[in-house]
Amino acid sequence: MPSVTIDAGVLAAPPEDGSADDAERYVETLLSWSKLLANPWIAIYMSERASETLIADGLYPIRAHINRLFTENKIVKYDVNTVAMVVDRLLQRTPSFEDYFCVRDVLTEGLTTTPDILQFCSSDSLKSELERCIVLIAILRKYCDKHVRDHSLILRKAPGKIIQVRALIQVLDQNRTDLDLALIPDPPKHFEGGVLVCDSFNGLIECMDEAEILLNATDNTDIETAIRIAVYKFRTNYGNVPEWDDVPSFWVGHSFHLSLLDLRPTQQLLRSLLRAIVETLEKTNLSATHRLRTGSGGNDPQRVRRRDQAKAWRRDIDREYHLHYWECDDGTIEIASVSFPHDDFTIPE
């Protein structure tokens, strides 16, 4: 599933002499990330050193800082306890980033990032912790299995979608079976890699590759996540600011995943398939949609499922591949199968 690490600096309360807008933005950002805690489609990690980093800077426990922040800026829209609990819940997340990815520490020299994100750190402790995490993530993304490559780092402020990292790697403490230390250049040669970063939910979704998620799907939750991301991006591209849960009602049929695996699809086919599914849910490009009939005749009636009277439909993916789905009386779409070759008109019930 998609995964993110939240930088400790995101949890640090802004300075008390900052603006009310900064204070409210801090709270709203925390509350937006807290919504991810209850979602099964994404894994959230914190560094095992996040708490001690905040403590070293006198920024934790957080409750007193938030109380002063609210008092100074006359914030009554939010509750101090609610915000403090969000910080505590995030810091108590298990497993830690290090435990899950089997990396413990890295020692570097001459670290630079392009664009420079280290300039936004409010203290040396937060800067040191961010440096450690960003190098570890860059190494994982460059040398490890596919499921690590879309891992994102959530920052207080992200100047772009990807950060280029360059450093001399002195020591790497890790315990992974898919990471060959011989691949990592020894000083004086520099390691170079990239890290996906974001500072908003919209930015997080933009970091995700829905076709890659669909390619590596192991169950319907993964498939539904890929579809939701595709719908979200579609709406964003048309200038809307969509809500994650505001997706047309749909579910994935019991045979869809198997029909997809049988095809051994390419990335290009998966992107075309997701486009066809989004167009189906958003009811666009209707000229590519046709009734699945009971026979081959043009006047044969549309196929109807006995148990719920759902109607069978067929949408073009390209000339050879087609999406077959059921449309229920309440408008819910059941994504049934991908058909191939062109003359395959079967649909799982």
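The values are calculated or read from the model by the stated rules, or taken from the named source; none is laboratory data. Remember, predicted model here, so these are calculated numbers, not experimental data. All Cβ positions, glycine included, derive from the backbone under ideal geometry; neighbour counts span all protein chains shown. Calculation scope for accessible area: heavy atoms of the full protein, side chains included, ligands and nucleic acids excluded. Shrake-Rupley method; radii C 1.70, N 1.55, O 1.52, S 1.80 Å.
Mind checking which residues of the range 11-41 are under 28 Å from PHE101 (Cα atoms) and open to solvent by 60 Å² or more (accessible area, probe 1.4 Å)?
Once the filter is applied, which keeps residues that are under 28 Å from PHE101 (Cα atoms) and open to solvent by 60 Å² or more (accessible area, probe 1.4 Å), the range 11-41 yields LYS35, ALA38, PRO40.
Look through ARG49, ARG93 and report the one residue that is within 30 Å of LEU214 (Cα to Cα) and of a type in the set (Lys, Arg).
On inspection, the qualifying residue turns out to be ARG93.
Run down LEU179, LEU172 and say which single residue is in contact (Cβ under 8 Å) with a residue 24 or more places away in the chain and under 21 Å from GLY110 (Cα atoms).
LEU172
What is the number of the single condition among (1) touching a residue at least 24 places away in the same chain (Cβ under 8 Å); (2) closer than 26 Å to VAL338 by Cα; (3) within 20 Å of the chain's Cα centre (by Cα) that PHE201 does not meet?
It fails just one condition, (2).
In this structure, is LEU292 at pLDDT 95 or above and of a type in the set (A, V, I, L, M)?
no
Any idea which of LEU181, LEU204, LEU196, LEU215 is loosely packed, with under 15 Cβ neighbours inside 10 Å and not hydroxyl-bearing (Ser, Thr, Tyr)?
LEU181
THR112 fails exactly one of the following numbered conditions: (1) touching a residue at least 24 places away in the same chain (Cβ under 8 Å); (2) open to solvent by less than 60 Å² (accessible area, probe 1.4 Å); (3) not basic (Lys, Arg). What is the number of that condition?
Checking THR112 against (1) touching a residue at least 24 places away in the same chain (Cβ under 8 Å); (2) open to solvent by less than 60 Å² (accessible area, probe 1.4 Å); (3) not basic (Lys, Arg), the one that fails is (2).
Report, by residue number, each residue of the range 88-104 that is surrounded by 14 or more Cβ atoms within 10 Å (Cβ to Cβ) and not in a helix (DSSP H, G or I).
Passing the criteria: ARG93, SER96, CYS102, VAL103.
Does the range 145-152 contain at least one residue that is surrounded by 13 or more Cβ atoms within 10 Å (Cβ to Cβ), among the aliphatic types (A, V, I, L, M) and touching a residue at least 60 places away in the same chain (Cβ under 8 Å)?
no
Under the condition of being open to solvent by 70 Å² or more (accessible area, probe 1.4 Å), free of Cβ contacts under 8 Å to residues at least 12 places away in the same chain and not in a loop (DSSP other than H, G, I, E, B), which residue from the range 42-81 is farthest from ASP21 (Cα to Cα)?
The qualifying residue farthest from ASP21 (Cα to Cα) is GLU52.
Listed here are the residues, each with its yes/no results for (1) farther than 20 Å from GLU210 by Cα; (2) open to solvent by less than 30 Å² (accessible area, probe 1.4 Å).
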residue: GLU243; (1), (2): no, no
residue: HIS257; (1), (2): no, no
residue: LEU269; (1), (2): no, yes
residue: VAL304; (1), (2): yes, no
residue: PRO341; (1), (2): yes, no
